[in-house]
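Chemist: To start, I am sharing the structure in question, which I have written as structure tokens.
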Amino acid sequence: MVTTHNLGFPRIGARRELKFALESYWKGQSSREDLQHTGAGLRARHWRSQATLTLVPVGDFSFYDQMLDMSFTLGNLPARVRGFHGDALDNYFRVARGRSAAGAEEHAGCCGGVAAGEMTKWFDTNYHYIVPEFSEETTFTLDAARLLSHLAEAKAQNVSAKPVIIGPITYLALGKARDGADKLTLLPRLLPVYAQLLATLAEAGAEWVQIDEPALVTELDAAWRNAFTQAYQALSTGTVKLLLATYFGPLRENLPLLSALPVQGVHLDAINARDEAASLIETSPPERIISLGVVNGRNIWKTDLEATLDWLEPVANRLGDRLWLAPSCSLLHVPADLASEQKMDTEIRSWLAFAVQKLEEITLLATALSQGRAAVAAGLAANRAALAARSASPRVNNAAVNQAVAGITSALGRRNSPFAVRAAKQAALLNLPLYPTTTIGSFPQTKEIRLARSAFKAGTIDEAAYKHAMRLEIERSVRIQERLGLDVLVHGEAERNDMVEYFGEQLEGYVFSQNGWVQSYGSRCVKPPILFGSISRPKPMTVEWIKYAAALTAKPLKGMLTGPVTILNWSFVRDDQPRATTCYQLALAMREEVLDLEKAGIRVIQIDEAALREGLPLRKSQWQDYLRWAVESFRITANGVADETQIHTHMCYSEFNDIIAAIADMDADVITIETSRSDMELLDAFDHFNYPNQIGPGVYDIHAPNIPDEAQIVSLMQKAARRIPPARLWVNPDCGLKTRQWAEVVPALTNMVNAARTLRASAA
């Protein structure tokens, strides 16, 4: 019999139950017990959804982030939170977001909050993790309470549990040593705690532990490769069986390393590394379990089950009971259940599989391998029909769009003049002060905005009433910005639900889910649009709103757009053509919007590319091709405008020091970035690279409710000014403000504007 299992399940709930429970707790509107009750209910429900599997993951559920969970399991708490009283959960949230529940802070004596942990992207996904913090003094102490509690819950519910943890090498590799310490010198301190954890899980009844080491699909130098050998020799004590899981890419030169590690099982991402399966099987010990990830855990298209079986059947004949089947990676990256999508276009819905459906595909494949294809003939026939319908659908490919992409030339991506010439013209037109202030685009999505949007979608108010409500909110945003004294204003994006979904709803080639929510970080969830066909823009998408806002003020007002690379990377993208082709289609559509904004008199246009870096292949040897078409797509979008039109772009929570040359090649007049959580560390790139254009290093962390004071902002900007000439520096938050409340936004922006005035005075 083929063993089936899963690497992880979506944790937020099909209806975002975890999001709402977290936010209620943080506001002090519900108790810790209420939050724990919601978590237990979600775990039980998710285990039931996986009941057909042989082994079910336990420990994949998190109240914020699995890497933060691992830090607390290992006792690796930042020094700034160790002295606070109260429940461990409060310290957990302080590291995650700067503070815990409202009432807990008064008890702990930290009402102003603490610095939140740095947050960055999990490999090449849109999921954000809290970066572990290390120093030469870091020590580790086991706290397995969370894992043991979840394991006991699962056993009480007769779940065949497989605990899931982050492996020691990936944990170290993804952390940061604030004092410049060599992270690998911590390995001898870390491994005994991991060994203790594995022994503790074995004592609690675990037979297998899944230990995730996705760092194995990245390029490793000799020291890190040796660390893998050292780690797993130390952990192969026999107290529990280890399933070492890799995912997100091929192993390549690390395949012999993995084959030689003394573990009882290995998981290979057979979506991205199918060609390596034969070598892995050939070089593994004869008793080792081989788990193959044969269903895509990161996209939502149905698997070609018959083609997969054609490949799997010879593998199953060779491995027998040693073959395990699973998705390619954790299903954290896809929505929970397609069954809740009752309003989606039925044709396109028939082409899709969410988390629950992907596990059904795994079960069907295992049954076919164990009992023959005849046992699942009806399921195979339905799958075959859905794939054929998608392939033949005229909605998928548009000849005119394909022709436009074929006609792209390098001239589309070039500005008329170099930056120095453009900058002089823009300065004369905009007349901005030194250290100009702006925001990244969005302002709080208030209760009134959400109610109006819901009423419009439900049909209880008409379009005219909805537009009137949005215009009131836009005017409110503009007036607040004027009172605060910001230099370049935004309209606040009241009419937008999500920065990608908003545009996808107006582009041909997209379809949308009702409940296709995916966790981005903590309580922040996104509903990625589904890109199923050729992309085109039927009509202007933002011009009416931006023109209305610009008419309200004499100050410059930015047009706000999402760039083609971010729309691509934050969508579920079609898998039947190269990503580059799809990106070029998006670039041509967004270029039309840029030109229409310019025609409407908008002279500052921001094109967000928040997700540029996360699309990078995990191996640097493959970066050049991606950056070539990604940067070219941005330039096609942005560079049809006159010299006087100032183009901004924004990137958030992306380590980009190693791609700074490509970012410079985008040739945006102004780039705004996240630097507050990293204490301007991201500006280290400018010590060795003469970045030519203007830059706005984000001066406060909008993902935490903490309000920065003026002195903090001045200090951060002074650090920036040591690397970038003040004449080329902007002052801005590190991201949009839609998730915050006006009570937080107004004092924070007040301090930011005052800091800019202080900086100007000191430069006079």
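Chemist: Which net charge results for the neighbourhood of F634, defined as the other residues with beta-carbon distances under 11 angstrom from its beta-carbon, given Lys and Arg at +1 and Asp and Glu at -1?
Modeler: Details: positive: R591, R635; negative: D608, E609, E632, D665, D667.
After counting each charged neighbour, the total is -3.
Chemist: Please report the antiparallel percentage of DSSP beta bridges with both residues in the chain, rounded to the nearest 5.
Modeler: Numbers: 10 of 62 bridges.
Rounded to the nearest five, the antiparallel share is 15 percent.
Chemist: I've got another one for you. For the pair S279 and A378, what calculated FRET efficiency results from E = 1/(1 + (r/R0)^6), where r is the Cβ-Cβ distance and R0 = 51 Å, to the nearest 0.05?
Modeler: 0.90
Chemist: Could I ask something else about it? Given the DSSP H assignment, sum -39500 (n - 2.57) over each helix run of at least 4 residues in the chain and divide by its residue total; what's the result at 222 nm in deg cm²/dmol, nearest 500?
Modeler: Helices in the chain give a 222 nm mean residue ellipticity of -13000 deg cm²/dmol.
Chemist: Which FRET efficiency, nearest 0.05, do D345 and T409 yield, Cβ-Cβ r, R0 41 Å? Don't skip to the end; give the middle numbers.
Modeler: Details: r = 35 Å, r/R0 = 0.86.
About 0.70, to the nearest 0.05.
Chemist: Looking at the square roots a ≥ b ≥ c of the eigenvalues of the Cα gyration tensor of the range 1-104, which shape do they give, rounded for a/c under 1.5, prolate if a/b is larger than b/c, or oblate?
Modeler: In terms of gyration-tensor shape, oblate.
Chemist: Per 0.36 nm of contour for each residue apart, how much would the distance between N657 and K425 grow if the chain were fully extended, relative to their Cα-Cα spacing?
Modeler: Details: separation 232, 0.36 × 232 = 83.52 nm, distance 2.95 nm.
Roughly 80.6 nm would be gained on extension.
Chemist: Something else now. In Å², and per residue, what accessible area does the range 594-742 have when probed at 1.4 Å with the other protein chains present? Could you put the intermediate results ahead of the total?
Modeler: Numbers: 4560 Å² over 149 residues.
On a per-residue basis, 31 Å².
Chemist: Accessible area, 1.4 Å probe, largest first: how do D462, D669 sort? Working shown, then result.
Modeler: Numbers: D462 95, D669 0 Å².
Descending accessible area places them as D462, D669.
Chemist: Could you name the aspartates and glutamates whose alpha carbon sits less than 17 Å from that of K527, not counting residues in the same chain fewer than 8 places away?
Modeler: Reachable aspartates and glutamates: E17, D337, E341, D345, E495, D498, E501, E505.
Chemist: Please work out how much accessible surface D34 shows to a 1.4 Å probe, ignoring ligands, DNA and RNA, in Å² rounded to 10.
Modeler: Ignoring ligands and nucleic acids, D34 comes out at about 80 Å².
Chemist: Could you tell me the extents of the range 382-462's C-alpha atoms along the three principal axes, largest first, rounded to whole Å?
Modeler: That gives 64, 46, 24 Å along the principal axes, largest extent first.
Chemist: Order the following by accessible area, largest value first: E253, E495, E137. Probe radius 1.4 Å; ligands, DNA and RNA are ignored. It would help to have the intermediate numbers written out before the result.
Modeler: Details: E253 85, E495 10, E137 140 Å².
Descending order: E137, E253, E495.
Chemist: For the pair H37 and A102, what calculated FRET efficiency results from E = 1/(1 + (r/R0)^6), where r is the Cβ-Cβ distance and R0 = 22 Å, to the nearest 0.05?
Modeler: The computed FRET efficiency comes out at 0.70.
Chemist: Computing the accessible area with a 1.4 Å probe over protein heavy atoms, can you report the carbon and sulfur percentage for the range 353-413? Before the final figure, lay out each step's value.
Modeler: Working: 1700 of 2860 Å².
On the range 353-413, the fraction of accessible area on carbon and sulfur atoms equals 60 percent.
Chemist: Continuing with the same structure: Binned at 5 Å from 0, what are the whole-percent values of the Cα-Cα distance distribution for the range 141-201, short to long?
Modeler: Percent of pairs per bin, in order: 4, 15, 23, 19, 15, 11, 7, 4, 2, 0.
Chemist: Give, in nm to one decimal, the length gained when the segment between A392 and A464 is fully stretched (0.36 nm per residue of separation minus the Cα-Cα distance).
Modeler: Working: separation 72, 0.36 × 72 = 25.92 nm, distance 3.97 nm.
Here the segment from A392 to A464 would lengthen by 21.9 nm.
Chemist: Give me the accessible area per residue for the range 31-169, probe 1.4 Å, as a whole number in Å². Mind showing how you got there, number by number?
Modeler: Values: 4890 Å² over 139 residues.
Roughly 35 Å² per residue, with all protein chains present.
Chemist: If you project the alpha carbons of the range 605-755 onto the principal axes, what extent comes out on each, in Å, largest first?
Modeler: Here the Cα extents, ordered largest to smallest, are 44, 34, 31 Å.
Chemist: Report M651's accessible area, 1.4 Å probe, all protein chains in place, as a number in Å² to the nearest 10.
Modeler: My reading of the accessible area for M651 is about 10 Å².
Chemist: Sort the following peptides by mean Cβ neighbour count (other Cβ atoms within 10 Å, averaged over residues), highest first: 403-413, 501-511. Walk me through the numbers before you get to the answer.
Modeler: Details: 403-413: 12.7, 501-511: 19.7.
Averaged packing, sorted descending, gives the order 501-511, 403-413.
Chemist: Taking the mean number of other Cβ atoms within 10 Å as a proxy for protection, how do you rank 749-755, 417-423, 729-735 from highest to lowest?
Modeler: On the way: 749-755: 20.4, 417-423: 14.9, 729-735: 25.6.
Descending packing order for the listed peptides: 729-735, 749-755, 417-423.
Chemist: Considering only Cα-Cα distances, which of the following residue pairs are longer than 26 Å: K447/K599; K121/K457; K19/K457; K558/K620; K425/K719?
Modeler: Values: K447/K599 34 Å; K121/K457 33 Å; K19/K457 22 Å; K558/K620 35 Å; K425/K719 28 Å.
Correct reply: K447/K599; K121/K457; K558/K620; K425/K719.
The values are calculated or read from the model by the stated rules, or taken from the named source; none is laboratory data. Quick caveat, the model's predicted, so the values are computed rather than measured. Virtual Cβ from ideal backbone geometry, glycine too; neighbours counted across all protein chains shown. To get the accessible areas, we keep the full protein, side chains included, count just its heavy atoms, and leave off ligands, DNA and RNA. Shrake-Rupley method; radii C 1.70, N 1.55, O 1.52, S 1.80 Å.
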